[in-house]
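A.B. asks: Pasting a structure below so you can have a look.
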Ligand SMILES: [Ca+2]
Ligand SMILES: [Ca+2]
């Protein structure tokens, strides 16, 4: 059993086959992260690809993989690596729209797209710094 699988089994305390917010919180606390309940809510939203409100194993595995592979763990950096689904180091228009939708940003597709383009997503892509600065600002509103 690999690490993610062990953690998943251990923290799925009610044996539902998925991790609810509180279980994700307990798990990440045990790994020494300093996420608040609010951060965990944002993380669960961002990683809940099938939108059933909880993290299934595949979704959780992706989160653990990211946590294991980044140096400075923060909500901003976790969201950046989640958003960059093709792993080319920048966020393109589709990646930007996907992450914003998963975070339930209340903007029409057209507005989101324009916003992404303004941030350079269509040309060089949105880099780590610009993306994480944006998330820091957005966090206040979430
Ligand atoms: Ca899910
Ligand atoms: Ca990318």
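A.B. asks: What are the pairs, 6+ residues apart or on separate chains, where a residue within region 82-104 that is at positive phi has its Cβ under 8 Å from a residue that is near ligand 2 (Cβ under 9 Å from one of its atoms)?
C.D. replies: 89/125
A.B. asks: Go through region 47-62 residue by residue and tally those that are crowded, with 21+ Cβ neighbours inside 10 Å and more than 11 Å from ligand 1 (Cβ to nearest atom).
C.D. replies: 0
A.B. asks: Taking the conditions exactly as written (in a loop (DSSP other than H, G, I, E, B) and either loosely packed, with under 13 Cβ neighbours inside 10 Å or outside the structural domain of residue 28 (by TED's automatic domain parsing) (or both)), does residue 121 satisfy them or not?
C.D. replies: Values: in a loop (DSSP other than H, G, I, E, B): yes; either loosely packed, with under 13 Cβ neighbours inside 10 Å or outside the structural domain of residue 28 (by TED's automatic domain parsing) (or both): yes.
So residue 121 passes the test.
A.B. asks: Same structure, new question: Exactly one of these conditions fails for residue 85: (1) within 16 Å of ligand 2 (Cβ to nearest atom); (2) over 23 Å from residue 137 (Cβ atoms); (3) outside any helix (DSSP H, G or I). Give me its number.
C.D. replies: Result: residue 85 fails condition (2) only.
A.B. asks: Right, another one. Going through region 18-38 one residue at a time, which ones are closer than 24 Å to residue 50 by Cα and either within 16 Å of ligand 2 (Cβ to nearest atom) or part of a loop (DSSP other than H, G, I, E, B) (or both)? Steps first, answer last, please.
C.D. replies: Let us first name the residues in region 18-38 that are closer than 24 Å to residue 50 by Cα, namely 18-28, 35-38.
Matches in region 18-38: 18, 20, 35, 36.
A.B. asks: Name the pairs: first residue in region 123-142 and at positive phi and touching a residue at least 12 places away in the same chain (Cβ under 8 Å), second residue outside any helix (DSSP H, G or I) and surrounded by 14 or more Cβ atoms within 10 Å (Cβ to Cβ), Cβ to Cβ under 6 Å, at least 6 apart or on different chains?
C.D. replies: 125/90; 125/91; 125/92
The values are calculated or read from the model by the stated rules, or taken from the named source; none is laboratory data. Bear in mind that the values here come from a model prediction, so they are computed numbers and not experimental data. Reconstructed Cβ throughout: ideal geometry from the backbone, glycine too, with neighbour counts over all protein chains shown.
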